[in-house]
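None of the figures in this text is laboratory data; all of them are computed from the coordinates on show. As the structure is a prediction and not an experimental result, all values here were calculated from the model. Cβ atoms come from the backbone with ideal geometry, glycine included; neighbour counts cover every protein chain shown.
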């Protein structure tokens with residue numbers, strides 16, 4: 001979550017070293033957390049470098065969504081600077097890693113067209129929050145990097161969006177979502193899930209407005 005800030009600070013101060021640090025942090029986190037999951041390469045949840053052991057080896061949908069969201073922001077920030085040409089390979093890596101997450105998570109869609117809370121190592125119930133976040137990444141990536149993210153990604157995002165909208169309650173809350181106070185069960189309200197829903201709709205709006 002901090003890497004987009006590092007990248008942005010590097011951009012506003014024209015500091016290529018900070019832009020590289022933001023990229024390196026994404027790369028190092030991926031190196032530490034990447035797993036061969038049943039649907040592709042995805043990130044495990046928590047690994048301790050101190051003990052060299054997993055604390056939570058589960059492939060968690062929200063964690064992968066956060067990783068994709070953060071890497072997308074780092075990639076776009078670098079692209080908007082005068083260092084974009086010299087850092088083209090870093091931008092390429094970041095978009096490849098984003099695709100990797102989308103490919104693995106989208107391949108795990110449940111029968112109700114949402115991604116599971118955990119693909120492995122945790123509760124498998126459908127989760128509208130991480131689903132909305134991943135759909136927002138697909139729409140935003142297709143808008144910002146159309147040459148890398150084709151219609152497959154926006155088609156799946158549309159499928160997820162319809163499922164998310166279909167489950168919104170008459171109070172305007174997303175369902176089903178993880179209980180923020182008890183991670184092993186569904187809950188009634190999550191501010192994070194509401195934010196992810198807004199991010200999905202804003203990314204969809206921008207993708208539509210570009211003439212898609």
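Brief remarks on what is shown
- Here the simple spin-label model places points 7 Å from the Cα toward Cβ, and for residue 56 and residue 179 these points are separated by 1.5 nm.
- Using alpha-carbon coordinates, inclination of helix 151-166 to the longest axis of the chain, degrees: 40
- Set of region 113-148 residues, backbone N closer than 18 Å to the point 7 Å along the Cα-Cβ line of residue 210: 133-148
- Between residue 84 and residue 5, the modelled labels are 2.6 nm apart [label points 7 Å from Cα along Cα→Cβ].
- D (Stokes-Einstein, µm²/s), Kirkwood Cα radius, region 76-212, 0.692 mPa s at 37 °C: 210
- Degrees separating the helix 88-106 axis from the principal Cα axis of the chain, which is the longest one: 10
- Calculated on the alpha-carbon coordinates, the convex hull of region 1-148 measures out at 106 cubic angstrom per residue.
- The helix-only estimate of mean residue ellipticity at 222 nm for the chain, built from DSSP H runs of length n ≥ 4 each weighted as -39500 (n - 2.57), is -18500 deg cm²/dmol after division by the residue total.
- Principal axis extents of the Cα atoms in region 1-59, from largest to smallest and rounded to whole angstrom, are 41, 28, 14.
- Hull shadow area, averaged, region 39-82 [alpha-carbon convex hull, nm²]: 4.4
- FRET efficiency, residue 155 to residue 14 (Cβ-Cβ, R0 41 Å, nearest 0.05): 0.60
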